[in-house]
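One structure below.
The values are calculated or read from the model by the stated rules, or taken from the named source; none is laboratory data. On a predicted model such as this, the values are computed, not experimentally measured, just so you know. FYI the Cβ positions are ideal-geometry reconstructions off the backbone, even for glycines, and counts take in every protein chain you see.
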Ligand code: UD1
Ligand code: UDP
């Protein structure tokens, strides 16, 4: 059986790493049939610290091709990916195309495969923000509607699909990102030196990430976020996404020079990120993955958006969704505390659940 995995953006490398590991382990055990995985890297993310570092550190198999399609507006980028993916699927003849999450790479892979009648398996299916102005919402709705196997990380995701009439091929498998947090959390504990390198004391800094289009492309929202970071009483470590750095350079260059509490660093590796997350006093983010990782590592989160797909983190008291008003952000950080356990993300075996289900279903 041949699986063609299509990935291109940072969070997809992290999710795919766990399923690739499950495939390698299964083949090492000599189980039949052998599962061959070929990885296509769309090139959506291309900086060393947005791509190569994850392949190296997480031992993700080398992609068979990099499509270098990582620039341009959404239509141009997605179109370029689709044309190249079509050629790859035709020549490689996979039994399944496997896609992750909600990026342009996800949609490009899913649409092309569906039109070539190759079944699509979607990891992280069913998430919804109910905000169609988000490019990710469009990408995931369309991907889910052409997928044959839909792997949901939460029961809320299963319910969302059911409300859209999708019930066949839907499985609650848990969250492959939880698998990654367990495996790499342990490795990071004895290999990452990031706290020492940045001279940080556990519990005495905040960790922040900002990259969501609704925040970076709106100067008022971006200014509010940075202003809020600057008045927090402890250091705020901000590993800066290249999208946000480029926009700050253009619109608010002064924010990039040293400020009172804000410390901007380049994007960090996954092992370093995990260590930064574990010891943060509170995490402030507009990232999807980071909201959950905060919970995985027992750290409260303040989400700099108007809504979240990860509603269970809010219901359990770990996450406050506050938008970008500086006063609301500061109040939320002061109130942030641990919540109750969430029984949604599995036991660290989500990747093997995914593989088992793909293998059991004839394409
Ligand atoms: C993309 C995804 C988003 C995901 C995020 C993860 C879409 C529509 N968006 O957003 O869902 O949360 O990845 O990080 O697919 N850039 C670089 N170097 C890189 C990568 C990007 O300089 O290695 C810059 C480029 O100027 C690029 C911009 O960042 O134009 C935006 O990159 P893009 O992949 O379009 O969107 P993200 O904001 O990264
Ligand atoms: N991440 C990382 N280094 C960083 C910032 C984030 O390794 O400097 C990881 C983070 O731990 C999480 C993933 O990247 O696993 C989240 O990706 P991102 O926020 O880019 O995308 P999203 O989850 O919002 O789609």
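Points worth noting:
- Some residue of the stretch 47-60 being away from ligand 1 (no atom under 16 Å from the Cβ), over 18 Å from the mean Cα position of the chain (by Cα) and under 16 Å from residue 5 (Cα atoms): no
- Where residue 161 falls short, out of the listed (1) farther than 30 Å from residue 117 by Cα; (2) in contact with a strand residue (DSSP E or B) (Cβ under 6 Å, 6 or more places away or on another chain): (1)
- Unmet requirement for residue 195, which otherwise passes all of (1) free of Cβ contacts under 8 Å to residues at least 60 places away in the same chain; (2) more than 30 Å from residue 354 (Cβ to Cβ); (3) surrounded by 12 or more Cβ atoms within 10 Å (Cβ to Cβ): (1)
- Looking across the stretch 128-153, the residues that are in contact (Cβ under 8 Å) with a residue 60 or more places away in the chain and crowded, with 24+ Cβ neighbours inside 10 Å come down to 151, 153.
- Residue match in the stretch 325-337 (condition: under 29 Å from residue 186 (Cβ atoms) and surrounded by fewer than 17 Cβ atoms within 10 Å (Cβ to Cβ)): yes
- Within the stretch 231-245, the residues that satisfy the criterion of being in a helix (DSSP H, G or I) and either crowded, with 19+ Cβ neighbours inside 10 Å or away from ligand 2 (no atom under 15 Å from the Cβ) (or both) are 231, 244.
- Checking the stated criteria, residue 224 turns out not to satisfy the condition of being part of a helix (DSSP H, G or I), in contact with a strand residue (DSSP E or B) (Cβ under 6 Å, 6 or more places away or on another chain) and either free of Cβ contacts under 8 Å to residues at least 60 places away in the same chain or away from ligand 1 (no atom under 16 Å from the Cβ) (or both).
- Residues (over 11 Å from residue 5 (Cα atoms), more than 16 Å from ligand 1 (Cβ to nearest atom) and either in a strand (DSSP E or B) or out of contact with any strand residue (DSSP E or B) (no Cβ under 8 Å at 6 or more places or on another chain) (or both)) located in the stretch 85-102: 86, 87, 90, 91
- Filter result for the condition that a residue is at pLDDT below 95, more than 10 Å from ligand 1 (Cβ to nearest atom) and touching a strand residue (DSSP E or B) at 6+ places or on another chain (Cβ under 9 Å), over 32, 27, 66: 27
- Tally of residues being within 16 Å of ligand 2 (Cβ to nearest atom) and either surrounded by fewer than 18 Cβ atoms within 10 Å (Cβ to Cβ) or assigned to a helix (DSSP H, G or I) (or both) across the stretch 44-72: 12
- Unique residue being touching a strand residue (DSSP E or B) at 6+ places or on another chain (Cβ under 6 Å), more than 19 Å from residue 234 (Cβ to Cβ) and either within 14 Å of ligand 2 (Cβ to nearest atom) or modelled with pLDDT of 95 or more (or both) when the list is 269, 287: 287
- Of the numbered criteria (1) out of contact with any strand residue (DSSP E or B) (no Cβ under 7 Å at 6 or more places or on another chain); (2) crowded, with 17+ Cβ neighbours inside 10 Å; (3) within 30 Å of residue 334 (Cβ to Cβ), the one residue 203 fails is (2).
- Residue match in the stretch 29-38 (condition: within 16 Å of ligand 2 (Cβ to nearest atom), part of a loop (DSSP other than H, G, I, E, B) and buried (at least 16 other Cβ atoms within 10 Å of the Cβ)): no
- Single residue of 156, 213, 189, 180 found to be surrounded by 22 or more Cβ atoms within 10 Å (Cβ to Cβ) and modelled with pLDDT of 95 or more: 180
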